[in-house]
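The values are calculated or read from the model by the stated rules, or taken from the named source; none is laboratory data. A quick note: this is a predicted structure, and the numbers were derived from the prediction, not measured. FYI the Cβ positions are ideal-geometry reconstructions off the backbone, even for glycines, and counts take in every protein chain you see. Accessible surface is based on the protein model in full, side chains and every heavy atom, while ligands, DNA and RNA are left aside. Shrake-Rupley method; radii C 1.70, N 1.55, O 1.52, S 1.80 Å.
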Amino acid sequence: MGRSRRTIPEELLLLALDPATGTTAQPQSLDLGLAGAQLVELALAGRIAPDGDRIAVVLPRPTGDPTLDSALELLRRRGSPVRAVHWIGGPRLGLRQTYLTHLERCGMVHAVAGQMCGVLPTTRYQATDTAISREIRARLDNAIRTGVPPDPRTAALAALAHAVGLGKHLYPGNEGRSSRSRLRDLIRHDPMGGLVAHAVMDVQNGVAAQPRRAPGTGRQSGARTEPAAGVPAQPVRRGSMARVGAR
């Protein structure tokens, strides 16, 4: 996997960075979103695939990205498909800092040391090249404004941005209400992004105990009563999964 393009976890983190304060919006849910974004990136690289509400490894070959390969290896060691909510809800200590350090090493952000209350040391991160953040934001804006189905990467990024609560950060106030609604609607344009985004929201809402039912299979206690937009209704056979976007 080359480094010619940014990964979805990197883009999600850049979207969450506040250019004025150097802090990240929605830090707690963002950690869940980054774990979910890794799954989407691995799926786009052809390494994993959805199997109902579970994630199956279909190609254990490393991608060349150390952070993604660490996640891929952990999934491989499970030996069988794992539910997305269990994976995303598991311990991910230091994942946000790992990506912030990576972005700093790549020159996309720089660290600014400071103090809280004049005593506690703090570190803020500010974008080095704001054109990168503007380009990412422009893709979301274009998808929202035109209504044209976005490419899978942009659709997945939009789904995750909604899932972690970045809508109010990106499109604040009453004037941003319609944009937030359309951001939410983009979740249906990418099956893997939809599956992961719903899993992120389920973990936040504490409803990860029950498996998600496929649309049309009837009501289940503890599950959502409406169809889950963007979640595949049929399991994918691992042996025949097309490796979309493998590189």
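Remarks
- Given charges at beta-carbon only (K, R positive; D, E negative), |dipole| of segment 1-130 in Debye: 360 debye
- Spatially, segment 1-60 and segment 72-147 are offset by 8 Å when compared through their Cα centroids.
- Stokes-Einstein diffusion for segment 1-111 at 37 °C, viscosity 0.692 mPa s, with a Kirkwood radius from C-alpha pairs, works out to 226 µm²/s.
- Annotation: amide H-H contacts under 5 Å for D51 (H modelled 1.01 Å from N, sequence separation of 5 or more, or interchain): A56, V236.
- Of the accessible area of segment 1-63, computed with a 1.4 Å probe over protein heavy atoms only, carbon and sulfur atoms account for 50 percent.
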